[in-house]
């Protein structure tokens with residue numbers, strides 16, 4: 001059996017790097033890759049987990065996700081828009097077989113449901129505002 005800690009560590013850095021690239025490319029999301037990186041680091045390196053969790057740029061969104069499962073409205077809009085555009089492309093311009101388009105559509109529908117059922121903001125009391 002392979003030792004998993006080194007694999008998790010490598011995958012953590014791969015997801016982190018992909019997330020950094022996503023910060024500069026509008027078609028590649030940042031936060032999901034950072035969430036994956038954080039999880040991989042939690043399995044491999046407490047030091048890197050803490051570093052990413054407390055990172056001045058990526059940390060706040062990771063903290064909101066971990067404590068409240070919050071997905072900001074702009075992230076929801078971008079995710080749903082990209083999934084919709086991808087599905088339109090699949091249906092209108094690809095030569096993918098019907099079963100593949102159906103599977104992709106079902107996966108995208110599940111992803112959209114998951115995203116839309118998460119809160120968009122942290123609870124009022126956690127933002128330092130009066131309740």
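The values are calculated or read from the model by the stated rules, or taken from the named source; none is laboratory data. All figures in this text were calculated on a predicted structure; none of them were measured in a lab. A quick note on method: Cβ atoms are made from the backbone with ideal geometry, for glycine too, and the neighbour counts reach across all protein chains shown.
Consider residue 120 carefully, then state whether it is part of a helix (DSSP H, G or I) and at pLDDT below 95.
Working: part of a helix (DSSP H, G or I): no; at pLDDT below 95: yes.
No: the conditions fail for residue 120.
I want to confirm something. Restricting to the stretch 71-82 and keeping residues that are in contact with a helix residue (DSSP H, G or I) (Cβ under 8 Å, 6 or more places away or on another chain) and either in the same structural domain as residue 28 (by TED's automatic domain parsing) or modelled with pLDDT under 90 (or both), which single residue is nearest to residue 38 (Cα to Cα)?
Filtering first and then ranking leaves 71.
Quick one: which helices (runs of 4 or more DSSP H) lie wholly within the stretch 1-109 and hold at least 3 residues that are closer than 21 Å to residue 120 by Cα and within 13 Å of the chain's Cα centre (by Cα)?
4-24, 31-44, 59-68, 73-93
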